[in-house]
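Notes to accompany the following structure.
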Amino acid sequence: METRKLLEKPFRLMAILGCVFVIAILVVNVFTGFSYEQCILPFPKIITYSALGLSLILCILTCIFYNRHFLYFAALEVFALSNIYTGRIYTALFITSILFILLLVENHLASRLRLWLYLTIEILKLVLTVPYGVRSFFEYIGITLFSLATIGCINLLFRHAYDKKDSAAMDLDNYKFSDRQKDCIKEIVLNNTTIKALAINHKVSESAIKKDLSHIYNVLGITGKADLKALFIGYEF
């Protein structure tokens, strides 16, 4: 039962794995200096340990406040920036690709402010590659653009597939859901609304919303919010 509850909160699970990974890297660094051995910039040890410490704190906060996804995004950005600073360009590229996938899935680049913030951080990463030579600079640009194009194309393919899906196959009117339960489905799918916010909007307790969601999951044969959002992608409310 506890495992199922954990799987229903993917960002908490990712944050736990992130904590384990960061702690492992910290231990390795204590004995080998693995993360900053290639660095040609000043204060590599201080930057590395500060970034790992901040990433660990952000992962712990994500475990506690698992609905605050920006905390996990921030942890990934800090880790990526520190890896570029210390010359581990390919590790930073891998983390950046993971981050962009999560941002795309969560639709966190929808607003202009978020998009500009993301672009600003990416420009900062490019600036940090300059001391490592022209090759590293152009490799970072090339692989980043290739990753973004590939991820974007995959996203378009999935969206196209969902758009073609027969909307009649999933019709809320076919289920005996209350108006409040239908609204909960709509708010979660479209806005990723939290249980607390739903309770405030409907002027009921959080336990009442949890019962509604449990009923919805049982009727639809799913296990949590992630499945609910996937099930209703492309659905016109």
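Here VAL28 fits the description: in contact with a Phe, Trp or Tyr (Cβ under 8 Å, 6 or more places away or on another chain), loosely packed, with under 14 Cβ neighbours inside 10 Å and part of a helix (DSSP H, G or I).
Does CYS39 meet the test of being assigned to a loop (DSSP other than H, G, I, E, B), of a type outside the set (S, T, N, Q) and over 12 Å from the mean Cα position of the chain (by Cα)? Criteria met by CYS39. Would you be able to say whether some residue in region 106-118 is in contact (Cβ under 8 Å) with a residue 60 or more places away in the chain, assigned to a helix (DSSP H, G or I) and under 20 Å from ILE188 (Cβ atoms)? The answer is no, given that none of the residues of region 106-118 is in contact (Cβ under 8 Å) with a residue 60 or more places away in the chain, assigned to a helix (DSSP H, G or I) and under 20 Å from ILE188 (Cβ atoms).
All of (1) modelled with pLDDT of 90 or more; (2) under 16 Å from the mean Cα position of the chain (by Cα); (3) outside any helix (DSSP H, G or I) hold for ALA74 with one exception: (3).
The values are calculated or read from the model by the stated rules, or taken from the named source; none is laboratory data. In this text the structure is predicted, and so the values were computed from the model without any measurement. Neighbour counts are summed over all protein chains in view; Cβ atoms, including those assigned to glycine, are modelled from backbone coordinates with ideal geometry.
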